[in-house]
Structures are given as C-alpha cells and as structure tokens.
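The values are calculated or read from the model by the stated rules, or taken from the named source; none is laboratory data. All of these numbers come straight from a predicted model, not from anything done at the bench. Glycine also receives a Cβ, built like all others from the backbone with ideal geometry; neighbour counts cover every protein chain displayed. Ligands, DNA and RNA are excluded from the accessible area calculation, which covers all protein heavy atoms including side chains. Shrake-Rupley method; radii C 1.70, N 1.55, O 1.52, S 1.80 Å.
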Amino acid sequence: MRDLVEIGMGRTARRAYDLDDVEIVPSRRTRSSAVVSTAWKIDAYNFELPLVTHPTDAIVSPGTAVAVGELGGLGVINAEGLWARHANVEDAMFRLVRAAEDLDDPTALVRVLQELHAAPIRLDLIAEAIKTIRESGVTVAARVSPQHAAELTPDLLKAGVEILVVQGTIVSAEHVQRDAEPLNLKEFIGRLDVPVIAGGVGDYRTAMHLMRTGAAGVIVGHGYTPGVTSTDRVLGIGVPMATAIIDAAAARRDYLDETGGRYVHVLADGGMSVSGDIAKAIACGADAVMLGAPLAAASDAPGQGLYWTAAAAHPSLPRSRVAAGPDYAVDLKTLLFGPSSDAEGVVNLFGALRRAMAKTGYSDLKEFQRVGLTVRR
C-alpha cells in the first residue's frame with residue numbers, strides 16, 4: 001500500500017525517500033572484496049564499472065571520455081555542448097574560470113555559459129570529438145536533448161556513436177513542441193540500430209512508458225546536486241531518489257514479465273555526492289549510476305574544478321548554477337579506485353562500493369540489489 005499522508009483537506013501526497021533517508025542492512029555473511037564483481041552490460045556493451053558520466057562539459061571532454069572508458073565506465077559527451085559549438089574549448093573554459101573569479105556578480109558564470117551555448121552547433125566539431133573517442137577503442141556515447149534528437153542523431157551515428165543518450169530534465173514517451181512534429185520515442189528508437197538510454201524520470205508510470213518505447217536504459221532523476229541544480233526551486237519539481245529508483249526498478253521487473261524477458265537497465269542520476277550514496281543507489285535497484293559533481297574533483301576534469309549541468313545554459317530559464325568544486329583534486333583513477341586518505345567518502349568511490357557489497361555478502365550488482373534497507377525516519 002502506498003504511504004500516503006494528508007497535506008490538507010481532501011489532498012494527500014505520497015511519502016517518498018531520498019538516499020540520505022535509507023541505510024543498507026548487513027546480511028548474515030561477508031566476503032572478500034577481491035571476489036566482488038561490479039561488472040554490468042547494456043545491449044552488447046560490457047563495462048567493469050557501473051559508472052556513466054553525467055553529460056556535462058564540466059567533466060566530459062573527448063579525453064576524459066576516453067579515460068573513463070579505459071577505467072571501465074562509460075563517458076558520455078554532450079553533443080549539444082561546448083565541443084559541438086567551439087573550435088577552441090580551452091578559450092571557452094578560460095572565460096568561465098575568469099567569470100568564477102568575479103565574486104561581485106554571482107550570475108556572471110551562467111551568463112557566460114548562455115552566451116557560449118548561443119553559438120550554433122557545428123556537426124564537424126562534434127564529429128571530430130566523437131572520432132577522438134572512437135579511435136581510442138572505448139565505447140562511444142553521446143547525449144542529445146529530446147528537442148534536437150531527430151535532427152542530430154543521423155550525423156552522430158555516422159560519426160560513430162554506439163550508445164545514444166536522450167536526456168532532458170524530464171523525458172516522456174512523446175515530446176511535444178511548438179511548430180514541430182512530436183518526437184515519438186518509440187518510433188524514433190525503432191528506426192535505430194544502436195541502444196538508446198532515455199530519461200530522466202521520477203516515477204513508476206513514466207519509467208514504464210519509456211521502457212515500452214524500446215529504450216535499453218532509463219535514467220532516473222535529473223542530476224540533482226545540492227547547491228548546483230535548482231530545478232526544484234525554479235520549477236517546483238523534485239525527485240526523492242531512493243523512492244524513484246525503487247519505483248523504476250519495479251517497472252523494470254513488471255516490464256520484464258510483460259515482455260517475457262526484455263531487461264531494461266535503470267541508471268540513477270542525482271542525489272549522490274559520496275561513495276555511500278552510490279552503494280545505496282545500487283541497493284535500491286539501479287544497474288549503474290550517472291555521476292556528475294563527484295567527478296569534478298578529478299584533476300583532469302575540463303571544468304578545472306567548476307561544475308554545472310546542461311540546464312545551466314538554458315537561454316531563458318537556467319536550472320543549474322555553476323559551482324566551485326571541492327578544494328582538492330586527485331587523478332581520475334585515484335578518485336574512482338583509491339587509495340584514499342579521506343574519511344568522508346569522496347575518493348575511492350567504487351572501491352567503497354566493492355567494500356559495501358563485500359561487507360553485506362553479495363558478489364555482484366544484481367545480487368546487491370536485493371540487500372535489505374532501513375529507513376531513518
């Protein structure tokens with residue numbers, strides 16, 4: 001039964017929980033972390049790490065996409081971002097760093113991002129970025145918005161994209177826009193020969209609808225980062241991640257039964273800032289996590305410590321601030337696998353996941369999705 005609370009006369013709301021509200025319960029056994037597997041696959045593509053990067057220029061350049069792929073994850077480049085609009089992205093990043101130094105104007109960074117994204121998308125530039133990733137031998141993934149998916153996808157596939165990510169703040173099975181044909185995701189995906197990951201969603205019904213479009217993966221959440229994203233403040237829309245992931249996992253189970261065996265992957269995007277959050281997201285039912293802000297601490301992140309999401313560049317209604325990252329920097333490999341001298345869970349993100357799985361006695365990610373959970377309140 002749904003946990004409903006009365007919020008006024010004749011109006012109830014469902015109680016939902018964030019990752020901070022839940023804790024993982026140890027089981028009766030433990031095992032060595034050396035025998036734990038964090039591998040997963042989507043379609044024909046295998047990964048050693050349940051990591052998909054949030055597609056923001058702050059953390060994903062062609063070079064860092066390659067680095068993430070070589071470390072076992074999936075780097076997703078934004079096909080509508082700076083690498084698609086500017087031949088010299090280093091100059092664009094320098095302008096952002098300079099704007100960050102203007103402490104008297106807190107909106108300067110967002111204005112610079114809006115200006116940089118006002119430049120037209122150049123297919124030759126994004127094709128060159130994709131070529132760099134493809135030639136390294138790692139899996140090539142690119143993100144498009146629902147508004148530009150139909151327009152950009154043929155050229156992205158020609159350039160070598162192997163996994164397409166259709167991502168917006170909220171994505172439905174049919175995106176309606178003025179003066180244009182609706183993007184029918186089912187028809188759109190049905191015409192493609194590559195797997196599509198689509199989202200974000202925040203509830204069972206929308207997750208189920210996206211699964212029925214033929215998507216290989218569904219993104220849960222909208223990249224929420226405290227102090228960075230402001231979708232809840234600007235639009236009044238929020239996604240309590242623990243409940244949202246569990247609901248999407250329930251949709252995955254029911255869709256598996258409905259189709260007689262088609263498994264759709266659930267990717268958690270948002271509400272994760274430390275390694276314990278990653279473990280909780282997997283425990284709630286995610287197959288992989290989509291990380292953004294935690295990766296801004298990588299010394300080779302293109303944002304040089306700054307972090308923002310794609311929503312920061314919206315020309316009239318930005319929904320992400322540009323925030324300074326942590327006051328430390330480590331190389332990407334150390335950030336993901338350690339060793340760490342930090343006791344707060346911000347370094348050795350996936351080494352900690354392995355340890356959490358081992359401490360609770362689970363050997364792989366699908367087993368770990370069945371771990372017990374408790375609620376703090």
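Miscellaneous remarks
- Prolate/oblate/rounded call for segment 224-361, Cα gyration tensor, a/c under 1.5 rounded: oblate
- Computed with a 1.4 Å probe over protein heavy atoms only, the accessible area of I24 comes to about 50 Å².
- Solvent-accessible area of R15 with every protein chain in place, 1.4 Å probe, in Å² to the nearest 10: 100 Å²
- Alpha-carbon centroids, segment 236-305 and segment 73-102: separation in whole Å: 25 Å
- Electrostatic dipole magnitude of the chain [Cβ: Lys, Arg +1; Asp, Glu -1; Cα centre; debye, to 20]: 1200 debye
- Taking the chain and dividing mean pair separation by its residue count, relative contact order in percent (alpha carbons under 8 Å, at least six apart): 23 percent
- Backbone N under 15 Å from the D20 label point (7 Å along Cα→Cβ), restricted to segment 338-377: 376-377
- Counting only protein heavy atoms and using a 1.4 Å probe, the accessible area of R98 comes to about 130 Å².
- Positive-end residue of S340, L373, Y362, charge dipole of segment 338-377 with Cβ unit charges: L373
- Within the accessible area of segment 33-110, the carbon and sulfur atoms contribute 49%, probe 1.4 Å, all protein chains present.
- Relative contact order, whole percent, for segment 202-329 stands at 26, derived from Cα pairs under 8 Å and 6 or more residues apart.
- For segment 18-82, GluC sites (Glu not before Pro) are listed when DSSP marks them as loop and at most 13 other Cβ atoms sit within 10 Å of their Cβ; the list is E48.
- Tail weight of P(r) past 13 Å, computed on alpha-carbon pairs of segment 324-377, percent: 66 percent
- R0 of 41 Å, Cβ-Cβ distance I7-N46: FRET efficiency to nearest 0.05: 0.35
- The HN-Hα couplings worked out from phi for segment 192-205 by the Karplus form 6.51 cos²θ - 1.76 cosθ + 1.60 (θ = phi - 60°) are 9, 9, 10, x, 10, 9, 10, x, x, 10, x, 8, 4, 5 Hz, whole numbers, x standing for Gly and Pro.
- Segment 1-134 - convex hull of the alpha-carbon atoms, volume per residue in Å³: 271 Å³
- Volume per residue that the Cα convex hull of segment 243-285 spans, once the total is divided by residue count, Å³: 57 Å³
- When you restrict to C-alpha pairs under 8 Å that are six or more residues apart and normalise by the size of segment 1-95, the relative contact order lands at 16 percent.
- Gain on full stretching of the segment that runs from E101 to R122 - 0.36 nm per residue minus C-alpha separation: 4.6 nm
- List I7, I237, I130, ordered by accessible area with a 1.4 Å probe, largest first: I7, I237, I130
- Residues of segment 250-377: accessible area per residue with a 1.4 Å probe, Å²: 41 Å²
- Percent breakdown of C-alpha pair distances by 20 Å bin, ordered from the shortest bin, for the chain: 29, 60, 10, 0
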